[in-house]
């Protein structure tokens, strides 16, 4: 049981480049989430998918897109990276949205130069 | 604007002491309050959670105290150990169509041996 896995662990981009962060869970969870973590800001929700086939915006969606590829996988895409997107990105999953425990992946540290 | 304010940002406690982290919220519609623990290089993990119909919840050395009228809740770590050194996040959930967790800014706890 790997839980929630994320790739890559580290990434450096130049301004304007694009990339996709991958996330997969093996817990048969219905709901998946993407957060960013910045010092002093806690975790802020970018996008979430309540169930396979649905995606919704979170608190800070601008500059990002997501794809719920199947029940296991939820990817986050940066189309044109900006320095303000330098952050640590976490994927999480839960059985359903609401007061169910969210299980987090190990994170991707992204630097945009 | 952070809807959940957490203090202090950092905390140093001697081994065996009590660590206290406080959170305050504005939205009275929040109805679920979890605490997450994050070790360096790892994703956050659920530590303990409370609903507003109880004033206190205890799990081992960890206790949440909840004051609904003051719109505040706190985490108490009794007999703090060096292994408790981590970053702690409080959060709050609006159980509506969005079901999004709103996190506080985090507290970095160091327990000195």
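All of the numbers you see were taken from the coordinates with simple rules; none came from a lab. Just so it is clear, the structure is predicted and the values come from calculations on it, not from any experiment. Glycine gets a Cβ as well: all are built from the backbone with ideal geometry, and neighbour counts include every protein chain shown.
Before moving on, here are some points about what is shown:
- Estimated FRET transfer efficiency (residue A:12, residue B:65; beta-carbon r; R0 45 Å; 0.05): 0.55
- Each residue, residue A:77 and residue A:27, gets one label point 7 Å from its Cα in the Cβ direction; the gap between the two is 2.7 nm.
- DSSP bridge analysis restricted to chain A gives an antiparallel fraction near 90%, rounded to the nearest 5.
- Distance between modelled label sites at residue A:20 and residue B:31, nm, 7 Å Cα→Cβ extension: 3.8
- The order of A:66, B:13, going from fewest to most other C-beta atoms within 10 Å of their C-beta, is B:13, A:66.
- Given their separation in residues at 0.36 nm each and the Cα-Cα distance between them, residue A:84 and residue A:57 gain 7.9 nm when the chain is fully extended.
- Expected-Rg normalisation [2.2 N^0.38 Å, Cα atoms] applied to the protein assembly as shown: 1.01
- Here the average projected area of the convex hull drawn through the C-alpha atoms of segment A:1-106 stands at 6.3 nm².
- Gyration tensor (alpha-carbon) shape descriptor, segment B:1-87, a/c threshold 1.5: prolate
- Average other protein chain Cβ within 10 Å of Cβ, residues A:91-98: 3
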